[in-house]
Amino acid sequence: MSPSAAAAERTALVTGANRGIGLATASELARRGLNVVVTARRRADAEQASIEVRAAAAPNVRILPVGLDVSHAGAAAACRDEVEASGLRVDALVNNAGVYPSGDFFQAPDAAFEEAIAVHVFGVLWMCRAFVPGMLSRGYGRVVNVSSGYGSFGEGLEGPAAYSISKAALGAVTIKLAQTLRGDVKANAVCPGWVRTRMGGPGARRSLEKGAEALVWLATLPADGPNGVFFRDRKPIPW
Ligand code: NAP
């Protein structure tokens, strides 16, 4: 069996896959032969991005566009039901969707904190609670929580208040999830570095492909890979 035929037995789901690091990650996973569930907050964006992901994909992989606003209660479970109705089962979950509300502790409006926590904390929590039980019952799974150095206590929680606080809480979600895992199911967090996206801006030094690299690595870790670790450039960084 060729490597891409073997990989096609696996399916990855990427949130916020319509642009930026999410689209680059979805494209690279499909290029490597995984089926990919391309999700975006608007279904039309997921369908549009799927055309790009399909163009990069290895032969015979399945690309499934799904509308998914991770901040909506119930959306993760509805997404799981839609994916399973298509006959796919998610083996690798890449929680990439992110927002970057600006403002310091007092200046940022309440809505900035609400949105950041809805996307980075509740969004990831609901996705993990929807998809990880299936991974555990099948004995294989990879969860990649896309965080930031701005969410690292060890690196000083620099960055806008709502962003840093919510990404730090995402670290707690990742650790608590990792503590519950067994079999060949792993959950890790990653900082992609400063990447040229709408969020990172045009001055960022990293390309999309470079930004996606560690996400793809964690989504396809071998059985002896890590669990419950925060990475940048494949090296552990402090929570
Ligand atoms: P981006 O280009 O701004 O893309 C963000 C993505 O998240 C978009 O697809 C956006 O969808 C989606 N999204 C936002 N809210 C959502 C929601 N409620 N439901 C579903 N999708 C939602 O940002 P990026 O730079 O690629 O960032 C990807 C991840 O990397 C984020 O978690 C970010 O915090 C992290 N990160 C980025 C950098 C950097 O330098 N770029 C550095 C550290 C960490 P819409 O198109 O609908 O808005």
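The values are calculated or read from the model by the stated rules, or taken from the named source; none is laboratory data. Model, not experiment: these values are computed from the prediction. Glycine gets a Cβ as well: all are built from the backbone with ideal geometry, and neighbour counts include every protein chain shown. Note: accessible area is taken over every heavy atom of the protein model, side chains too, but ligands, DNA and RNA are not part of it. Shrake-Rupley method; radii C 1.70, N 1.55, O 1.52, S 1.80 Å.
Quick one: which of Val146, Val121 is within 19 Å of Phe231 (Cα to Cα), β-branched (Val, Ile, Thr), within 17 Å of the chain's Cα centre (by Cα) and surrounded by fewer than 21 Cβ atoms within 10 Å (Cβ to Cβ)? Outline the logic, then answer.
On the way: Val146 fails: surrounded by fewer than 21 Cβ atoms within 10 Å (Cβ to Cβ).
Exactly one residue qualifies, and that residue is Val121.
Among the numbered criteria (1) open to solvent by 30 Å² or more (accessible area, probe 1.4 Å); (2) assigned to a loop (DSSP other than H, G, I, E, B); (3) within 28 Å of Leu181 (Cβ to Cβ), which one does Gly228 miss?
(1)
Do we have Gly211 as within 12 Å of the ligand (Cβ to nearest atom) and part of a loop (DSSP other than H, G, I, E, B) here?
So Gly211 does not fit the description; no.
Across region 190-205, which residue is farthest from Leu93 (Cα to Cα) among those that are open to solvent by less than 50 Å² (accessible area, probe 1.4 Å) and more than 6 Å from the ligand (Cβ to nearest atom)?
This residue is Gly201.
Cβ-Cβ under 6 Å, sequence separation 6+ or interchain: first residue in region 57-81 and under 23 Å from Gly33 (Cβ atoms), partner open to solvent by 30 Å² or more (accessible area, probe 1.4 Å). Which pairs?
The qualifying pairs are Ala58/Ser4; Ile63/Arg54; Leu64/Ser86; Pro65/Glu47; Val66/Glu82.
Considering only residues that are charged (D, E, K, R) and in contact with a strand residue (DSSP E or B) (Cβ under 7 Å, 6 or more places away or on another chain), which ones fall in region 99-144?
The answer is Arg142, and nothing else.
Identify, please: which residue in region 156-168 is buried (at least 19 other Cβ atoms within 10 Å of the Cβ) and away from the ligand (no atom under 12 Å from the Cβ) and is, among those, nearest to Leu93 (Cα to Cα)?
Going through the qualifying residues, I end up with Ala168.
When only residues in region 108-155 that are more than 19 Å from Ile21 (Cβ to Cβ) and free of Cβ contacts under 8 Å to residues at least 24 places away in the same chain count, which is nearest to the ligand (Cβ to nearest atom)?
Glu114
Just to be sure before I move on: is Ala219 hydrophobic (A, V, I, L, M, F, W, C) and surrounded by 16 or more Cβ atoms within 10 Å (Cβ to Cβ) in the structure I sent?
Taking the combined requirement at face value, the residue satisfies it.
Any residue at all in region 118-137 that's touching a helix residue (DSSP H, G or I) at 6+ places or on another chain (Cβ under 6 Å) and not in a helix (DSSP H, G or I)?
No, every residue in region 118-137 fails to be touching a helix residue (DSSP H, G or I) at 6+ places or on another chain (Cβ under 6 Å) and not in a helix (DSSP H, G or I).
Being within 30 Å of Gly141 (Cα to Cα) and among the hydroxyl-bearing types (Ser, Thr, Tyr) is the filter here, so list the residues in region 85-115 that pass it.
Ser86, Tyr100
Condition test on Arg234, is it under 27 Å from Ala112 (Cα atoms), surrounded by fewer than 23 Cβ atoms within 10 Å (Cβ to Cβ) and either without any contact (Cβ under 8 Å) to a residue 40 or more places away in the chain or out of contact with any Phe, Trp or Tyr (no Cβ under 9 Å at 6 or more places or on another chain) (or both)?
No: the conditions fail for Arg234.
When you check Val90 against the structure, is it under 24 Å from Thr220 (Cβ atoms) and either touching a Gly at 6+ places or on another chain (Cβ under 9 Å) or of a type in the set (Gly, Ala, Ser) (or both), yes or no? Before you say what the answer is, go through the steps one by one.
Details: under 24 Å from Thr220 (Cβ atoms): yes; either touching a Gly at 6+ places or on another chain (Cβ under 9 Å) or of a type in the set (Gly, Ala, Ser) (or both): yes.
For Val90, the condition - under 24 Å from Thr220 (Cβ atoms) and either touching a Gly at 6+ places or on another chain (Cβ under 9 Å) or of a type in the set (Gly, Ala, Ser) (or both) - is met.
In region 164-205, what residues are hydroxyl-bearing (Ser, Thr, Tyr), under 16 Å from the mean Cα position of the chain (by Cα) and outside any loop (DSSP other than H, G, I, E, B)?
Keep residues of region 164-205 that are hydroxyl-bearing (Ser, Thr, Tyr), which gives 164, 166, 174, 180, 197.
Imposing the further condition that a residue be under 16 Å from the mean Cα position of the chain (by Cα) reduces the set to 166, 174, 197.
Passing the criteria: Ser166, Thr174.
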